1. What pairs from 20/59; 169/261; 16/41; 201/222; 20/41 go past 18 Å between their alpha carbons?
2. If you take the beta carbon distance between residue 154 and residue 72 as r and set R0 to 22 Å, what does 1/(1 + (r/R0)^6) give as a FRET efficiency, to the nearest 0.05?
3. Residues with amide H under 5 Å of residue 264's amide H, sequence separation 5 or more or different chain, H placed in the peptide plane at 1.01 Å from N; which?
4. Fewest first, what order do 292, 208, 217 take by the number of other Cβ atoms within 10 Å?
5. Under 1.5 on a/c is rounded, so check that first for the stretch 161-281, then, if it is not, pick prolate when a/b is larger than b/c and oblate when it is not; a ≥ b ≥ c are the square roots of the alpha carbon gyration tensor eigenvalues.
6. Assuming R0 = 22 Å, can you tell me the calculated FRET efficiency for the pair residue 237 and residue 199, based on Cβ-Cβ distance, to the nearest 0.05?
7. Amide H of residue 17 versus every other amide H placed in the peptide plane: which residues, excluding those fewer than 5 positions away on the same chain, fall under 5 Å?
8. Classify the stretch 53-131: rounded, prolate or oblate, from the alpha-carbon gyration tensor (a ≥ b ≥ c, eigenvalue square roots; a/c under 1.5 rounded; otherwise prolate if a/b is larger than b/c)?
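Since every read-out is calculated from the coordinates, none of them should be taken as a lab result. Because the structure is predicted, anything quoted here is derived from the model rather than measured. When we count neighbours, we look across all protein chains shown, and the Cβ atoms used for this are built from the backbone with ideal geometry, even at glycine.
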Amino acid sequence: MGVWKRPSGKWSYEFKFQGKRYGSYDFRTKAEAKAAEEKEKERLKKSTTHITFLEAATKRLDYIRAYGTSQYYRDNLAMLRRFNGWVDMLLEDISHERVRTRLIELADSLGPHNANRHLTALKATFNLAAKDGLLSRNPCLGISKFPNQKAVKYTPPREHIAQVLLLAKPLDRAYLTTIWLTGARVREVNNLTWEDVFFDKGLVCLWTRKKKGGDRTPRLIKMIPEVERALRYAWDHRVKESPWVFTNEDMRKKYPGEPGKWAYDYRDKFLGTLCRRAGVPEFTYHCLRHHTASTLGERGASLPSIQKILGHERATTTDTYLRSLGISAEAAMGLLEESTTEVTTDRNLGKPSNP
């Protein structure tokens, strides 16, 4: 591609811009072809600058709303708002240096880990604009992540988990037990419906959007006895008009005729409050997932088996939780069952009935 002379004696040009080919033919001289090429490149470049950062950020957030979770949307909204000084700037006017300077400010005020998260959100916003033909070059390219010393992930001992569970109300205990002993992400349990619970087969179907493309992806988890008791208790005390295993009473009151809105979104203070009451170090829902993974690893479950249980798309993600080799996913859940024999999580749950 470039400027060249055709067999007819006329001059032509051709170039690629954002993955598309542009060209024209039949110029009398090389200079004419070259001038026409530069003019077309300038026209194309100008056509990509008629979008502001605010418009680009809005497009990115709309994309997340359609393909991601509500929490992911809120996280990105909060991060992109930290660039509100750019809202009226055209994308092409946001330079590599401007981006780097702002990220250094964020690293100073929020720490390197959070600055890296903002870099990821910003890069994705510019990438989407470039993909849509609205930006010639992503100004985040070439900006390295800040060095960040990763803290060791806290894994609560089962004794602390048991203390917290015993302080929870029975239905909340069933909720926490289900999160803990399925290795689920909290939102997978928040969005668990009775259609996803198979008592006759001893299985729970968990759905996640944490996959490439944002598709909802299911995985089946063996229902060990502790989980079955918890879910049967939830069944006996269910809100009969609700499709959700664990119904959000606040949303039920707010939208009395719309049971589809009665799922939990996130219970941010609930678990921390229980930890403080129990007098144990505070841990999160995700720490329960760490506990499940580390227990499986310590008891010999294989990396692929743990990957399957946790619903990781890549084994390298699972490998950040632990490194071990061994047996099948079903047997791995059996090992998890063995580890709970000394921790009674169904006290005061009552005697369940068959659904």
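1. Numbers: 20/59 22 Å; 169/261 23 Å; 16/41 10 Å; 201/222 9 Å; 20/41 12 Å.
Distance filter (> 18 Å) returns 20/59; 169/261.
2. The formula returns an efficiency of 0.45 here.
3. For residue 264, whose amide H was placed from the backbone, the distant partners under 5 Å are 248.
4. Details: 292 25, 208 19, 217 15.
By the 10 Å Cβ count, ascending, the order reads 217, 208, 292.
5. Rounded shape, in that the Cα axes give a/c under 1.5.
6. Values: r = 15 Å, r/R0 = 0.70.
With R0 = 22 Å, the Cβ-Cβ based efficiency is 0.90.
7. 22
8. oblate
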